[in-house]
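Asker: Below you will find the structure I want to go over with you.
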Amino acid sequence: MSADLLRRAASLMRERAEAATRGPWVVDGYGKDGWQVNGDGTVFADCHVFQNDADHIASWHPAVALAVADWLEADATVIERHGLDVTVSKAYAVARAYLGSDQ
């Protein structure tokens, strides 16, 4: 099994993070429609979610996603370079969860 899954997840994370409102994001109180998530000085989510969901959303801002994408790509390189089993890598588990993939 190759490290391609890690690279696919990293690529998608990077694409989404680069297209998103700059971080860091913060939960900025309860607005007219629900908990507000604020990024780069602009409220971009004001929706019916629980506060702990808003806290989670805010914690996965673009800088976090880009750092995880870098880790996945670095792990993929090490796995390929040394011929390691990608399926025992923690990065592999993260990539599968992110992509919603069984492979």
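Asker: Step through the residues of segment 74-83 one at a time and calculate ³J(HN,Hα) from phi using the Karplus curve (6.51 cos²θ - 1.76 cosθ + 1.60, θ = phi - 60°), rounding each to whole Hz and writing x for Gly and Pro.
Answerer: Listing the rounded values in order: 5, 5, 4, 5, 5, 4, 5, 4, 9, x Hz.
Asker: Quick one: net charge around Val49, please, counting Lys, Arg +1 and Asp, Glu -1 for every other residue with C-beta under 12 Å from its C-beta. Kindly include the intermediate steps, with their values, before the conclusion.
Answerer: On the way: positive: none; negative: Asp33, Asp46, Asp53, Asp55.
That works out to -4.
Asker: Please report the relative contact order for the chain, taking Cα pairs under 8 Å with a sequence separation of at least 6, and give it as a percent rounded to a whole number.
Answerer: It rounds to 35 percent for the chain.
Asker: At 37 °C and 0.692 mPa s, what whole-number value in µm²/s does Stokes-Einstein give for the translational diffusion of the chain, with Rh from the Kirkwood sum over Cα pairs?
Answerer: 222
Asker: Follow-up question, since we're still on this one. Mind listing the long-range amide H neighbours of Ala45? Cut-off is under 5 Å, sequence gap 5 or more, other chains count too, H placed in the peptide plane at 1.01 Å from N.
Answerer: Here the answer is Val37, since their amide H atoms fall under 5 Å of that of Ala45.
Asker: Okay, helix-only estimate at 222 nm for the chain: each DSSP H run of n ≥ 4 adds -39500 (n - 2.57), divide by all residues, round to 500 deg cm²/dmol; what do you get?
Answerer: -17500 deg cm²/dmol
Only the coordinates and a few stated rules stand behind these numbers; no lab work does. Computed from a predicted structure; not experimentally measured. Backbone-built Cβ (ideal geometry, glycine too); neighbour counts: all protein chains shown.
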